[in-house]
Amino acid sequence: MAFCFIAFLFFFFGADKLTTDAALDPDGLVAIAVCHGFALFVAVAIGANISGGHVNPAVTFGLALGGQITILTGIFYWIAQLLGSIVACFLLKAVTGGLTVPIHGLGAGVGAIQGVVMEIIITFALVYTVYATAADPKKGSLGTIAPIAIGFIVGANILAAGPFSGGSMNPARSFGPAVASGDFNGIWIYWVGPLIGGGLAGLIYGNVFMNSDHAPLSNDF
């Protein structure tokens, strides 16, 4: 159950700001990006030696397709991640007197297909970063910065994609608020996009770069 606790911590401290139906302004977007970046950095760091630091079904899916974890383990992680998200969102709602838990949504003029493509791109970047800094056995000392690198890419992706697709990258992060608010409008976008993006990253990195005999480039210049 340790990984359930890690997932709970992530979604409690990294959840989108609670609002009274306020619009997502630039200041709010920066706050959300910074909050998620730092929270994910801590969640991955404290959970890496216990459960692998899994807090995202798309990352778990990508690692399973790349052969880093078993399907059964991935299912248990998914259950913990979804439960962590749901419990955290209801707890946030309770301790703040019932403030709105906002769901992910597309920006003005952004179509569903565009949202899915954006989520594919940014989730691919996230899972590729996870592979390069944490999963690849050739990472060497680079592994020490894996948690902060993962946090940074999530923060950057939220800043870049937030106004368009919401910058989810994480089906559980979208599912918990949807359950707490009872609004599942467009939730499929935040499952389809991240799972495709994470899966592609896992297949490409896991089968092209990890299952080959190439040597890392020398750092001597």
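Stokes-Einstein D for region 2-209 at 10 °C, 1.306 mPa s, Kirkwood Rh over Cα pairs, in µm²/s? Working shown, then result.
Working: Rh = 16.7 Å.
Translational D for this selection: 95 µm²/s.
Excluding Val130 itself, calculate the net charge of residues whose Cβ lies under 14 Å from the Cβ of Val130, where each Lys or Arg counts +1 and each Asp or Glu counts -1.
On the way: positive: Lys139; negative: Asp136.
Every neighbour counted, the sum reads 0.
Pairs of Cα atoms under 8 Å, at least six residues apart: use those to get the relative contact order of region 77-201, whole percent. The partial results should precede the final answer.
Details: 160 pairs, mean separation 53.5, N = 125.
About 43 percent, as a whole number.
Evaluated at 25 °C with a viscosity of 0.890 mPa s, what Stokes-Einstein diffusion coefficient in µm²/s does region 38-98 have when Rh comes from the Kirkwood expression over alpha-carbon pairs? Don't skip to the end; give the middle numbers.
Working: Rh = 12.6 Å.
Answer from the Stokes-Einstein relation: 195 µm²/s.
Where a number appears in this text, it was derived from the coordinates with a stated rule and is not lab data. On a predicted model such as this, the values are computed, not experimentally measured, just so you know. Positions of Cβ are generated from backbone atoms using ideal geometry, with glycine treated the same way; all protein chains shown enter the neighbour counts.
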